[in-house]
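**Q** I have a structure I would like to understand better, so I am pasting it below and will then ask my questions one at a time.
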Amino acid sequence: MVHTQVGFARVISDLAFFAYQSDVFVLREHRGQGLGKLLINDPADIRKFMIRVRVPATPSV
């Protein structure tokens with residue numbers, strides 16, 4: 001099975017209390033299947049896919 005990204009939702013958060021959903025995109029050929037509604041109405045599931053990355057300001061010695 002090949003997994004291909006067909007949609008995207010951008011959520012801006014302070015990682016504590018606030019989350020703002022700013023963009024939702026679904027490829028035209030995959031619209032009409034409820035994917036956009038899933039991305040908008042199920043934000044609790046979106047957190048399962050979030051990856052938190054921290055980059056240090058200075059390199060390690």
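**Q** Could you say whether any residue in the range 42-61 is hydrophobic (A, V, I, L, M, F, W, C) and modelled with pLDDT of 80 or more?
**A** For the range 42-61, residues hydrophobic (A, V, I, L, M, F, W, C) and modelled with pLDDT of 80 or more: absent.
**Q** Inspect the range 18-27 for any residue being modelled with pLDDT of 90 or more and part of a loop (DSSP other than H, G, I, E, B) and give the result as yes or no.
**A** yes
**Q** Right, something else. Sort out which residues of the range 1-39 are exposed (fewer than 10 other Cβ atoms within 10 Å of the Cβ) and of a type in the set (D, E, K, R), and write them in order of number.
**A** 14, 28, 29
The values are calculated or read from the model by the stated rules, or taken from the named source; none is laboratory data. Everything numeric in this text was worked out from a predicted model, so none of it was measured. Quick reminder, even Gly has a Cβ in these numbers, built from the backbone with ideal geometry, and neighbours come from all protein chains shown.
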